[in-house]
Amino acid sequence: MTAKPLDDLLNWRYATKKMDPSKTVPQEKVDAIIEAIRMSPTSSGTQPFEVFVVTNPDVRSKIAEAAGGQAQITDGSHTLVFAAWDNYTAERIDEVVGLNVAARGDLPMLRAYYDNLKSSYVPRDAEVNYAHAARQAYIALGIALVAAAEQEVDSTPMEGFSSEVVDTILGLKERGLRSVVLMPLGYRDEAGDWLLPMSKVRKSRDTIVIEVN
């Protein structure tokens with residue numbers, strides 16, 4: 001962990017293109033990133049996703065194939081796979097209720113809140129619910145990217161992969177999950193990464209922010 005200001009960390013991080021395969025991210029740093037994911041906010045506190053931490057070289061090779069051979073998956077030491085619920089069900093929401101009751105007590109307003117959630121979510125089309133769950137996974141991805149920077153661990157968010165193939169590799173369909181986004185972790189190859197020496201490019205504040213007073 002570093003004590004650098006957040007702005008410095010965000011300027012330091014970039015979507016690493018070439019990682020050093022000789023370097024392994026220490027477990028305590030991975031654990032810190034995972035804990036940040038676990039603590040990420042989600043809609044109604046449902047946390048409708050799971051994160052697979054893949055270190056097995058053979059499995060990562062298969063995932064890399066499904067991602068067009070993107071080498072960060074195999075050159076990094078860990079690949080996180082964010083997998084969203086394929087649907088909201090009464091049973092899944094009831095599990096969230098159980099966690100709330102255990103932590104906060106069996107409050108009538110709590111029961112009413114999640115009963116209303118079930119009546120709204122469960123009848124919806126599964127694709128609508130999956131899309132909603134996937135957006136919650138992306139919130140966690142954003143937190144994970146910042147947490148990795150705080151640990152001075154390089155990372156690369158990846159959408160360019162066959163979710164169907166990754167789902168098969170990890171057996172996600174059987175768990176009621178669908179892969180959403182990948183996040184390899186590792187350490188940059190300073191001599192081999194063409195993107196590292198380039199300036200960070202972002203829109204200006206005036207371009208991206210509209211003040212409504």
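The values are calculated or read from the model by the stated rules, or taken from the named source; none is laboratory data. Note that the structure is predicted; figures quoted are calculated from it, not measured. Note that we place each Cβ from the backbone using ideal geometry, even for glycine, and neighbour counts take in every protein chain shown. Only protein heavy atoms, including side chains, enter the accessible area calculation; ligands, DNA and RNA are left aside. Shrake-Rupley method; radii C 1.70, N 1.55, O 1.52, S 1.80 Å.
Figures for the structure shown
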| read-out | value |
| --- | --- |
| Total residues in segment 82-115, condition among the hydrophobic types (A, V, I, L, M, F, W, C) and under 24 Å from the mean Cα position of the chain (by Cα) | 8 |
| Positions within segment 22-61 being open to solvent by 50 Å² or more (accessible area, probe 1.4 Å) and either under 28 Å from residue 132 (Cα atoms) or of a type in the set (Phe, Trp, Tyr) (or both), in sequence order | 31, 34, 35, 38, 39, 41, 47, 50, 53 |
| Among (1) in contact (Cβ under 8 Å) with a residue 40 or more places away in the chain; (2) not in a strand (DSSP E or B), the one test that residue 182 misses | (2) |
| Residue under evaluation residue 88, criteria (1) surrounded by 12 or more Cβ atoms within 10 Å (Cβ to Cβ); (2) without any contact (Cβ under 8 Å) to a residue 40 or more places away in the chain, criterion not met | (2) |
| Hits in segment 142-173 (condition: touching a Pro at 6+ places or on another chain (Cβ under 9 Å), in a helix (DSSP H, G or I) and either open to solvent by less than 10 Å² (accessible area, probe 1.4 Å) or closer than 22 Å to residue 93 by Cα (or both)) | 144 |
| Residue match in segment 102-116 (condition: within 20 Å of residue 15 (Cα to Cα) and either assigned to a helix (DSSP H, G or I) or open to solvent by less than 20 Å² (accessible area, probe 1.4 Å) (or both)) | no |
| Condition met for residue 164 (at positive phi and touching a helix residue (DSSP H, G or I) at 6+ places or on another chain (Cβ under 9 Å)) | no |
